[in-house]
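Okay, structure first, notes after.
Coordinate-derived values only; no laboratory data. Note that this is a predicted model, so its numbers are computed, not measured. Note that each Cβ is placed from the backbone with ideal geometry, even for glycine, and that neighbours are counted across all protein chains shown.
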Amino acid sequence: MDDLLVEFLTETNENLAELDVALVKLEREPDDGATLSQIFRLVHTIKGTCGFLGLPRLEQLAHAAENVLGRVRDGVLVVTPGLISTVLAAIDQIKFIVTSLGVAGLEPEGTDTALIARLAVVSEGEASVPSGVAPALASVLVGAAEGVSPAPILKPAGHEMASVEGSGSNQTIRVGVDVLEDLMTLVSELVLTRNQILQLARNHESAAFSVPLQRLSHITTDLQEGVMKTRMQPIGNAWAKLPRLVRDLTMELDKRIELVMHGAETELDRQVLELVKDPLTHMVRNSADHGLEPAAERRAAGKGEIGHIFLNAYHEGGHIVIEVRDDGRGLPVEKIRAKAVAKGLATEVELSGMTESQILRFIFRAGFSTAAAVTAVSGRGVGMDVVKTNVERIGGTIELESTVGKGTTFIIKIPLTLAIVSALIVEAGGERFAIPQLSVVELVRAGMKAVDAQDDGEPIVQLIDQTPVLRLRNRLLPLINLNTLLHLGPDRTNDTDARRFIVVAQVGASLLGIVVDRVFDTEEIVVKPVAPIMRHVTMFSGNTILGDGSVIMILDTNGIARATGIAGTAEARRASEAAVLARTTVHERTAILLFRAGGSAPKGVPLGLVARLEEIETAAIEGMTGEEVTQYRGRLMPIVAMSGTLDLGKPRQSVLVFADAERRLAHDRCMGLVVDEIIDVVEDVVNIQLGAERRGILGRAVIAEKATEIIDTSYWLTQAFADWFDSTGRIGSTVGSRLLAVDDSAFFRQLLEPSLVAAGYQVTSVGSAAAALALAETGARFDAIVSDIEMPDMDGIAFVSRLRSSSCWSTLPVIALTGLATPTQVEAGRAAGFTDYVRKFEREALLASLRQCLAVPTENRLLA
Amino acid sequence: MALLEPGVQGERDVAGQTLVTLIVADQLCGVPVMSVRDILGEQPITRIPLAPPEIAGSLNLRGRIVTAIDLRRRLGVLPASGGAPRMSVVTEQGGDLYALLVDQVREVMTPPESSFEDNPPTLPPAWAEFCNGIYRLQNRLMVVLDIGRILTLSPEG
């Protein structure tokens, strides 16, 4: 049988039992509003669930009964025994149908027309069943009136039914949470006692005890796990009904809606799960009803016809985060503003001082509904205020983000009150603390170093005006000393000799280092809330009892970041992003070969590009003008004169030899560029200004305090080899984008970097895939990656698959550069994740490809 | 933030109760026996950083975390001199367990109603706040402590 149905039966049987009692009570005390509300709610629940499960017969019946009760609640009808009898008759019939459902899994044949008609009559206020008629008799009357039905409609709750119920209900039993809680406490105690006994046994070697002890130990562990398990449930259980709900809403609202769920396996405490179930259902319903537009409206807005509702659950720093997102129309700020005024929740003046997000939060106020008309779907007056109250009751928070035309996101954050987490145990100031493993990125050991010490890549602590910071690889992390933060003792981070343990923790998008005295093991801990008196201290997310029986506090890295102002706020994120950006745009000093050729202004070329400097005798140069060659190291090398023509009057020519010999794939090309005079080699930061007016010149840069023209090596290469493309043209639209170039050949990097910089990109280049991945780990940001295919250790294909599978760069465009590409290779490359293929040295093609890749906004790439 | 409702006026009518007697800074005190869950000997207590000074820390009572309150500090008397073992009186309020650290726990007694007196008006304010009255015992006085008020700690201490 369907799991949902089983659950429904269990729940409905309970509700029905409750209903019997409540109805009888109502008959005795017709004015008891609380009982009436309870009855109404129970019948409403049955009706609602039937609707989702597709049980029309039950739904109709419950609906008719609900109508009667609704009118009683509204004060239109008064409670009479006759009315109660009729409702009880309906309840009995519901029981009968539910019992049949339990046996056959289907609603029994037949209809309840007469009973429904009877209920309708009662609800119209014409109840004429004489008072004093016993419920059973009324039922019989109803049954008799039904007449036409082939099967006996009413099998009054006899032994038969009881036995059926008995056999059907032993699959699951419901146990009070407090019973589980007690069990948990006892098991914890058992574990501690077991540990003590094990300790004793170790001291008193006794073979007789060791075997049963071992067994006891295993059983205890299993028991502990079992009890833990009883409390934890995947959030998917709360979502199970949602696809059906959304499907039905699709029909009712005539919209096309797709529900996308992620993280259904995220476990959370059963109790918490129960409490978030209804708010979640409500929010999904809201999204479908109010958030998403009808297909026509979506089409008009240029969106896909199908609206999406995304549910996403995950653990984050001791919390469970549940996101409910839709790609609908977003919240109408103006309407909310107007409504807030109309409802008297705020004045215009107050509103004018509020930010948009503050105004949006009005939807959480009681009695606030944004829908112009309350539709049947949105239920009977339950709003976002109830959702917020429910979430806050379990210590959670609810945030919302909305963009008009783009959609709305609700973010529910619930503390893991009873969830089990793995935690790192550390010590500071003689006290032990637990740091949830989820927020720990890595552990490093670092000490102060003299300022001028060599940067050998070791993490070191450095001071900025007495404030220690951690230099970890190529990132700077703020440091927090736990001793100081918690007032436990003196801060010894600045001691030059001491190497300290630093826990690198992730808070939102930023990293921070927490300095501790010692690091112990990791341990599975059960988070318990802190005493109410300590709730104002945001540094702790709870406390726990360790295996050895001691109580320790659990550190909340988010709280620590907030308390110290490192908070993962948008500003902080932007700042860290800017810092990363700043780092990646700083150019290394580059050795530049300065020379003169055709003109007085010095020209420059990165020294790394030049294989050798040669003096070649003019006589050794052969061939026609413009196609000169010379014999060089046993092969013919094309000679290109930078000034256009060779000065044949000079006995010897200064030649810059460009060679690509270090590349395995290239067929050992080299060329000679004849210049007038070689001046010098200087080291400087090359900052090329855009806009060269001549071919063969990338642009100008100030080198050694002189304006220098940097030559476009690739242009000159094409002059020597016809198959090297002509390279002209500039791009504008994607100027400023950050590129990462990955190539093992220093020659090629030197060639690539200036030409990309000249095209307006900010370029960082690395010599191996491993270096690129290391950069990814530090959080450096780029807009696109240009990578070689054939590299030692990790080739381009492996590199890109790594990026695609797990990396913060997984969505970046990656362009492959290759010498010779067969269609099969191209196919393999694309399959691995390369966005495009460009042949090496085809600068224009590369620039065009980059333009194309970068023109596509990131979001679309994500969807693609 | 008040953790607990302050003791209801009616609770002041304590005459005729059975009390657990204890000693804090040489003063004999009594707490209603019905509000005591456990009496513990010296316990390992974990300090809680940043907690108000009255909070001595937390301890593990059979798998439950108990917040320990130093009664000496709460009553504004000098801390005990060097390392004398302290006992704990465990009580439950609002579903949470609290341990009151005291110097000694003595016998349980039901003093005669006739010996009950209201607080003398000259009682120091720190004591007057937590004191529900005085019993004149044979050779000494016993202060009846209001546990509800003692546990009403504001986070600011």
Problem set entry | Shielding score for A:535-541, defined as the mean number of other chain Cβ atoms within 10 Å | 3
Exercise. Residues in segment A:317-344 near a label at A:R365, defined as backbone nitrogen under 20 Å from the 7 Å Cα→Cβ point?
Worked result: A:331-344
Problem set entry | Pairwise Cα inverse-distance average, inverted: Kirkwood Rh of segment A:177-234 (Å) | 12.4 Å
Seminar exercise, completed: Label model pair B:R106, A:H262: point-to-point distance (7 angstrom along the Cα→beta-carbon line) in nm is 6.7 nm
Exercise. What lysines sit close enough to A:K603 to cross-link, taking a C-alpha to C-alpha distance under 22 Å and skipping anything fewer than 8 places away on the same chain?
Worked result: A:K650, A:K706
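Using the 10 angstrom Cβ neighbour count as an exposure proxy, how do A:Y314, A:Y715, A:Y837, A:Y761 rank, fewest first?
Ranked by crowding around the Cβ, least crowded first: A:Y314, A:Y837, A:Y715, A:Y761.
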Problem set entry | DSSP-assigned coil residues among GluC sites (Glu not before Pro) in segment A:194-277, each with at most 10 further Cβ atoms within 10 Å | A:E205, A:E265
For this session: Starting from the Cα of A:S422, step 7 Å toward the Cβ, then list every residue of segment A:513-532 with an amide N under 15 Å from that point.
Result: A:521-526
Problem set entry | Rounded if a/c under 1.5, otherwise prolate or oblate - segment B:9-150, Cα gyration tensor axes | prolate
For this session: Evaluate the distance, in nm, between pseudo-label points positioned 7 Å from the Cα of A:A620 and of A:R518 along their respective Cα→Cβ axes.
Result: 7.3 nm
For this session: Please give the length that would be gained between A:E124 and A:D254 if that part of the chain were fully extended, namely 0.36 nm times their separation in residues minus their C-alpha to C-alpha distance (nm, one decimal).
Result: 43.6 nm
Exercise. How many nm separate the modelled label positions at A:E181 and A:F209, each set 7 Å beyond the Cα in the direction of the Cβ?
Worked result: 3.6 nm
Seminar exercise, completed: Honestly segment A:236-415 on the Cα gyration tensor test (a ≥ b ≥ c root eigenvalues; a/c under 1.5 rounded, otherwise a/b vs b/c for prolate or oblate) is just oblate
Exercise. Let a ≥ b ≥ c be the square roots of the eigenvalues of the Cα gyration tensor of segment A:1-134; is it rounded (a/c under 1.5), or, if not, prolate (a/b larger than b/c) or oblate?
Worked result: prolate
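Loop only per DSSP, at most 13 neighbouring Cβ atoms within 10 Å: give me the trypsin sites (Lys or Arg not before Pro) in segment B:90-144, ordered by residue number.
Passing both the DSSP loop test and the Cβ count: B:R140.
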Exercise. R0 = 56 Å: FRET efficiency of A:E399 with A:E683, Cβ-based, nearest 0.05?
Worked result: 0.65
Exercise. In a shell of Cβ-Cβ distance under 15 Å around A:K706, excluding A:K706 itself, what net charge do Lys and Arg (+1) and Asp and Glu (-1) give?
Worked result: -3
Seminar exercise, completed: 1/(1 + (r/R0)^6) with r = Cβ-Cβ of B:S114 and A:K343, R0 = 60 Å, i.e. FRET efficiency to nearest 0.05, evaluates to 0.45
Problem set entry | Paired Rg and Dmax values of segment B:22-69, which use every Cα atom, in angstrom | 12.5, 32
Problem set entry | Subset of A:K25/A:K343; A:K277/A:K303; A:K335/A:K406; A:K277/A:K335; A:K255/A:K343 violating a 27 Å alpha-carbon distance limit | A:K25/A:K343; A:K277/A:K303; A:K277/A:K335; A:K255/A:K343
